[in-house]
Amino acid sequence: MHRLVCVNCGQSYPSQEIVYQCRRCQHLLAVEYSLDEIQIETDLWNSRPLSVWRYRELLPVKGEPVTLREGGTPLYHLSRLGKEMGIRSLYAKHEGMNPSGSFKDRGMTVGVSMALELGKRTVACASTGNTSASLAVYAAKAGLHAVVLLPAGKVALGKVAQALIHGAEAIAIRGNFDEALEMVQELCRSHGLYLLNSINPYRLEGQKTIGFEVIDQLKGAPDRFVLPVGNAGNISAIFKGLMELKALDLVDRIPMMTGIQAKGSQPVVRAIKGGMDTVVPEQKPETVATAIRIGAPVNAEKALVAIRSTGGTAEAVTDAEILAMQRELARKEGIGVEPASAASVAGVKKLVENGVIDRDECIVCVVTGHLLKDPETVIGQCKPPTEIDADISSLVSALRL
Ligand code: AN7
């Protein structure tokens, strides 16, 4: 049993109601379970494969979910990079290993399952890319029609390719993501499409399983989670899930939630550093990490609580630092991620150097999307292959053997 509850005024809405924001005060909603009525057998959880649906007792879907086996992603120990930074316990949770190549699949398996339960036939989102790719994939699996609004010219190639091949109706907006999100919200209100941006609280329910999996993989909570922040949904989702585990006595402490943004798009960092109660939107966000090129994060209200109440922090990294860490992860750890994802590890490097993060901490970076999402940015920073004639002497001289 669950209901939707306003995080500001506590107004509650029944689970079948289609509502994305509190009708009384316009603040965000969250899914609330009667935790005292939920029986969780950890043996039962452990008997299921590591995946989103291992934790189905803490998810809102009643029937059979629309699933492509999301979650169960590897948690890699970053031995080389950790050593260089002087951190023994540095890990990366590789969310690029999900079906569509990003963590969004965790949210979409739940969100699209809920769309079916609520009797919706058309689903929609605005997206910097990954949400649209994932929505297209899960709508295809569910047999639903998907409409995706993309900021024109600012979505990485692989993500557009996915949205198109999986059959979403893709619309490029001459504007940025924040404008596209305003438009899709209006469209869903006026025309009854089901909105699957992270303002939809069911999306975040799926994403909270990242934290559950990490705790199962480490056999306990890390000291800190570090995430790239765009709309601030994922950091809020993981925090919410951890609080539920705490309430159920399944974890003894809550890790410090730490958000990393790009220098040119850092409204959450400004709010945290400035001690502000609300996030002031950035009018012209700009970064090579197009996934997090977001000026007005819709989940900021939840994220500020997640960061502050856990003693976490927020930091910004430059595009150069992001790309340097993308190469380091690829070359020193064999981990291929897109630029936004590398921001989390780049943020750890910076925070350790600045003395904000203790080197003895056990740190889990969530690397959110796969390298192949954004091939153009990769090619742009690498030397192209050396082209030679098809004979062995050219090969030997090209290799300078
Ligand atoms: C790789 O696809 O917002 O802070 O529209 O694709 O939960 O928004 C993507 C966000 C981090 C930020 N890493 O997560 C979208 C979109 C990657 C992402 C984020 C995104 P949130």
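One table, with the values for the structure above:
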| item | result |
| --- | --- |
| Rounded accessible area per residue of the chain, 1.4 Å, Å² | 42 Å² |
| ALA172 long-range amide H proximity, modeled H, under 5 Å | LEU150 |
| Antiparallel content of DSSP bridges confined to the chain, in %, to 5 | 35 percent |
| Full-extension gain in nm, GLU179 to TYR13, via 0.36 nm per residue minus C-alpha separation | 57.0 nm |
| Reach of LYS373 by Cα under 18 Å, taken over aspartates and glutamates that are not fewer than 8 positions away in the same chain | GLU70, GLU95, ASP105, ASP319, GLU328, GLU338 |
| Relative packing of 362-371, 344-353, which averages over residues the other C-beta atoms within 10 Å, highest first | 362-371, 344-353 |
| Difference of contour (0.36 nm per residue) and Cα-Cα distance, SER79 to ASP360 | 99.7 nm |
| The chain - percent of accessible surface contributed by carbon and sulfur, probe 1.4 Å | 52 percent |
| Interchain or long-range residues, amide H under 5 Å from SER265's placed H | GLU286 |
| Peptides ranked, highest mean first, by Cβ atoms within 10 Å: ranges 236-249, 308-321 | 236-249, 308-321 |
| Within the range 27-176: Cβ-based charge dipole about Cα centre, in debye rounded to nearest 20 (Lys, Arg +1; Asp, Glu -1) | 680 debye |
| Gain upon complete extension [GLU37, LEU164; 0.36 nm per residue less C-alpha separation] | 41.4 nm |
| Cα-centre dipole for the chain with unit charges at Cβ (Lys and Arg positive, Asp and Glu negative), debye to 20 | 240 debye |
| Distance cut-off 26 Å, percentage of C-alpha pairs in the chain lying past it | 50 percent |
| Leading residue at positive end of dipole, the chain (Cβ point charges), from GLY101, GLY206, LEU399 | LEU399 |
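The values are calculated or read from the model by the stated rules, or taken from the named source; none is laboratory data. Being a predicted model, the structure only gives us computed values, none of them experimental. Cβ atoms come from the backbone with ideal geometry, glycine included; neighbour counts cover every protein chain shown. What goes into the accessible areas is simple: the full protein's heavy atoms, side chains included, and nothing from ligands, DNA or RNA. Shrake-Rupley method; radii C 1.70, N 1.55, O 1.52, S 1.80 Å.
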